[in-house]
1. Enter the buried accessible area of the B/A pair, total of both sides, probe 1.4 Å, in Å² rounded to the nearest 100.
2. Would you tally the net charge around A:Pro81, using a Cβ to Cβ cut-off of less than 9 Å, leaving A:Pro81 out, and scoring K and R as +1, D and E as -1?
3. Answer with one residue from B:Ile4, B:Asn27, B:Phe75: the one whose Cα lies farthest towards the positive end of the charge dipole of the range B:1-93, charges on Cβ with Lys, Arg +1 and Asp, Glu -1.
4. Starting from 0 in steps of 5 Å, tell me what percent of the Cα-Cα pairs of chain B lands in each bin.
5. Could you state the accessible area per residue of the range A:5-115 in Å², with a 1.4 Å probe and every protein chain left in place?
6. What's the carbon and sulfur percent of chain B's accessible surface, probe 1.4 angstrom, rounded to a whole number?
7. Hey, got the dipole for chain B? About the Cα centre, +1 on K and R Cβ, -1 on D and E Cβ, debye to the nearest 20?
8. Compute the semi-axes of the equivalent ellipsoid of the range A:70-115, taking the square root of 5 times each eigenvalue of the Cα gyration tensor, and list them largest first in whole Å.
Amino acid sequence: DAGVIQSPRHEVTEMGQEVTLRCKPISGHNSLFWYRQTMMRGLELLIYFNNNVPIDDSGMPEDRFSAKMPNASFSTLKIQPSEPRDSAVYFCASRDRGQANYGYTFGSGTRLTVV
Amino acid sequence: SQKIEQNSEALNIQEGKTATLTCNYTNYSPAYLQWYRQDPGRGPVFLLLIRENEKEKRKERLKVTFDTTLKQSLFHITASQPADSATYLCALDTGTASKLTFGTGTRLQVTL
């Protein structure tokens, strides 16, 4: 398996533009997580899905953020409109809830810069 | 409020020594505690998971302890090597929510 695949790796956009981040989890994993990492706040959970259903979105900072998981192999995180304070590295992670002894597998992240 | 604290100061040790990293938490009752390694520009990589009823877990040169009375986990790397240099993150899972909350990490630097 190629692991968790995120795209793009880097995104630079202007304030006010829409940004869409993409994630392909590991095949067979039934939970998917979106995290954001900054120097100030570390890794913060934004939202997670079990079996493609959003379970907890309490970490989503505001209505400008939305996430979807239309099927087991694809998820998107959208920011509209983007603001400079959204600049961070966004990670997607997946896991198999049936594997009790194993943790999350993270993608390589998308580095977002909003200017 | 809930807190997961890791030493924000970098830990510098000499090759061959044992590195010990600390994770303290407050106002959590974790069912699981996990440790991850993160290299610059990469996502975190899972290392070890320990349950609340386990005192210690080992994997090759790694050892994790979990003391729910002290609300603390220690992460040890024995016979450390320069390749072990990275940031190490601890993370808690309360079990009921099945979601991980991460500490801010401790950077380990192993020198020759």
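The values are calculated or read from the model by the stated rules, or taken from the named source; none is laboratory data. Source: prediction; values computed, not measured. So basically every Cβ, Gly included, is an ideal-geometry build from the backbone, and we count neighbours across all protein chains shown. Ligands, DNA and RNA are stripped out before the accessible areas are found, and what is left, the full protein with its side chains, is counted by its heavy atoms. Shrake-Rupley method; radii C 1.70, N 1.55, O 1.52, S 1.80 Å.
1. Protein heavy atoms only, the B-A interface buries about 1500 Å².
2. It works out to a net charge of -1.
3. The one lying farthest along the dipole's positive direction is B:Phe75.
4. The percentages, shortest bin first, are 2, 12, 24, 25, 20, 10, 4, 1, 0.
5. 49
6. 45
7. 140
8. Output for the range A:70-115: semi-axes of 27, 13, 7 Å.
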